[in-house]
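Reviewing the structure listed below.
The values are calculated or read from the model by the stated rules, or taken from the named source; none is laboratory data. For clarity, every value in this text was computed on a predicted model and none was experimentally measured. Using ideal geometry, Cβ is built from the backbone for each residue, glycine included, and neighbour counts are taken over all protein chains shown. What goes into the accessible areas is simple: the full protein's heavy atoms, side chains included, and nothing from ligands, DNA or RNA. Shrake-Rupley method; radii C 1.70, N 1.55, O 1.52, S 1.80 Å.
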Amino acid sequence: MMNERDNSPERPESNRADNVSRRSVVTAGAGLAIGAAVPALMSGTGARAQVTNGRPRTLIIASHPYPDRSVVNKALWEPAQAAEDTMFKNLESVYGDNLQGFDRTEERRIYRDMERLVLMFPIHWFNMTPMMKAYMNEVWGSGAPSELRGKELLVVTTTAGGADAYRPEGRLGFTIEEVLTPLQASANYTGMNFSEPLAFLGAAGAGADALRQYQDTLAARLREAPRRT
Ligand SMILES: Cc1cc2nc3c(=O)[nH]c(=O)nc-3n(C[C@H](O)[C@H](O)[C@H](O)COP(=O)(O)O)c2cc1C
């Protein structure tokens, strides 16, 4: 198992949070070790099962297999839960770790009126989380759900590896966009518009300032209109 402290692909050396801009790939440096809580940010950012604000044009599906150890995703759930016209759903809070427990009919009913689907998860072994994958298997099935056609798919993800590692010439040899290719192919298959992912690189161990910038970046992206085809 990859350990963020010792074996992560790259531990950023300096704080690069000032790089945060409108770029979709955001890097920041380590200030705190992973697991070092930022009390002001963490209060009230628990894994709420489901929150709906206004008429949900955006459905956010969040997943983290170890919510008690999460710092970055937990911080991101705050603006996700507060966004206008959004339904936020945390898979582990709703379904636990039951890989086959999804309410397929109800999940797909939500798709009808939405215009943007956001999948939010940490990268674990260069992949999505088990519950996110199970959600797609069980809710989407093996076909291409017609309710998704023409809608935006936005992936929001976090990594320990930094921007230097996620390069063709870097330690990993692939960009984060390439790591996310299966999701892009899934969007193509279902007729969704795969928009540029919002990737917070080198995020493990982010300090309070970087976490706030991540939150602001995500909130700004969610305020943008859904990019339908
Ligand atoms: C089991 C496991 C596997 C991981 N695999 C990767 C990986 O493949 N690439 C990477 O950049 N970071 C990897 N990480 C680091 C996480 O992506 C990082 O800690 C996480 O995005 C930070 O968000 P969090 O505080 O919400 O957990 C891994 C972490 C764990 C626990």
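Here are the numbers for the structure shown:
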item	result
Hits in segment 112-127 - residues which are out of contact with any Lys or Arg (no Cβ under 6 Å at 6 or more places or on another chain) and open to solvent by 30 Å² or more (accessible area, probe 1.4 Å)	Arg112, Asp113, His124, Trp125, Phe126, Asn127
Segment 145-167, residues that are in contact with a Ser or Thr (Cβ under 7 Å, 6 or more places away or on another chain) and either within 13 Å of the ligand (Cβ to nearest atom) or without any contact (Cβ under 8 Å) to a residue 40 or more places away in the chain (or both)	Ala160, Gly161, Gly162, Ala163, Tyr166, Arg167
Helices (runs of 4 or more DSSP H) wholly inside segment 68-138 containing at least 2 residues that are within 16 Å of the ligand (Cβ to nearest atom) and of a type outside the set (Asp, Glu)	72-82, 91-95, 130-135
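Yes or no, residue by residue, for (1) surrounded by fewer than 17 Cβ atoms within 10 Å (Cβ to Cβ); (2) among the charged types (D, E, K, R):
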residue	(1), (2)
Pro168	yes, no
Asn188	yes, no
Ser195	no, no
Asp209	yes, yes
Ala225	yes, no
